[in-house]
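Please read the structure below before turning to the comments.
The values are calculated or read from the model by the stated rules, or taken from the named source; none is laboratory data. For clarity, every value in this text was computed on a predicted model and none was experimentally measured. Positions of Cβ are generated from backbone atoms using ideal geometry, with glycine treated the same way; all protein chains shown enter the neighbour counts.
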Amino acid sequence: MMGTYRFAGMTVRVESLYADVHDLCHEYRSSGEPNFAVHTTQGDIDFERKRSDAADATAERTPNDYTDAYLETLAVYRKIAEAMPAHGVVLVHGSCVAVNVSYTYWPATEDVAALSKEGMLAAVAGISIEVHKHEFVALAGHGGCGKSTALRLLMGAHRPDAGEVYLHLEDGSD
C-alpha cells in the first residue's frame, strides 16, 4: 500500500504492508512531490514487537498482543521521525510542554572564577511550546535563532535557567 502525506512541512511517501497507517494518516494526505519516502518490512514490525515486549518485561506487565498492522504504524512513525532531522525538522513521539523557558549558555572562558551567565545574551528567552500526541510541530528560523537550543531544552539535554519543561512519553512516563 502506498500514500503521500504532509507532516511538519515535509511531504513523505509511505509504503506499507497494511492499510492501517494510511487510515490513521488520512487527514495529512498530500498530492505534493515527496521530500523522502519510508517503507516497512516484516523485519520493522518484528523490531517494534521486540521493543514493546521488552518495555512490558521491564515494567513487569503482561505483554500486549498487538497486531502487525498496529506495530507497523509505530515503525512508520519511527522511520519518519528518524528521517526528519536530515531535512531540518525534529519530531517528538509523545507530548511535551515548555512553559516560559529561558536558557543562556555559559561564556567561553578559561577563568573559572569569571564563570557567570550574568550579562550574557539568552539563547532562548521566555518560550512556551505545547505539543500533544499526534501533533506535528516544526521549529523554523534563521541560523542562530535558538531552534536547536529549544529542542535541547525540550529533550532534557539542557536545564532551563527559568521556566519548566514537562514530557509525557509514549510509554506513559513523565
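Name the single residue that is farthest from ALA83 (Cα to Cα) among those in segment 11-58 being polar (S, T, N, Q) and more than 20 Å from the chain's Cα centre (by Cα).
THR58
May I ask you to verify whether THR58 is β-branched (Val, Ile, Thr), modelled with pLDDT under 90 and surrounded by fewer than 18 Cβ atoms within 10 Å (Cβ to Cβ)?
It is true that THR58 is β-branched (Val, Ile, Thr), modelled with pLDDT under 90 and surrounded by fewer than 18 Cβ atoms within 10 Å (Cβ to Cβ).
When you go through SER116, SER102 one by one, which is the residue that is part of a strand (DSSP E or B) and modelled with pLDDT under 80?
Among SER116, SER102, only SER102 is part of a strand (DSSP E or B) and modelled with pLDDT under 80.
If GLY126 satisfies all but one of (1) at pLDDT below 75; (2) exposed (fewer than 15 other Cβ atoms within 10 Å of the Cβ); (3) not aliphatic (A, V, I, L, M), what's the number of the condition it fails?
Of the numbered conditions (1) at pLDDT below 75; (2) exposed (fewer than 15 other Cβ atoms within 10 Å of the Cβ); (3) not aliphatic (A, V, I, L, M), the odd one out for GLY126 is (1).
Can you give me the number of residues within segment 32-78 that are in contact with a strand residue (DSSP E or B) (Cβ under 9 Å, 6 or more places away or on another chain) and polar (S, T, N, Q)?
Of the residues in that region, 2 qualify.
Return only the number of the condition from (1) hydrophobic (A, V, I, L, M, F, W, C); (2) at pLDDT 70 or above; (3) touching a Phe, Trp or Tyr at 6+ places or on another chain (Cβ under 7 Å); (4) in a loop (DSSP other than H, G, I, E, B) that ALA83 does not satisfy.
So ALA83 meets the others, but not (4).
What is the number of the single condition among (1) modelled with pLDDT of 90 or more; (2) under 19 Å from the mean Cα position of the chain (by Cα); (3) not hydroxyl-bearing (Ser, Thr, Tyr) that ALA8 does not meet?
Every listed condition holds for ALA8 apart from (1).
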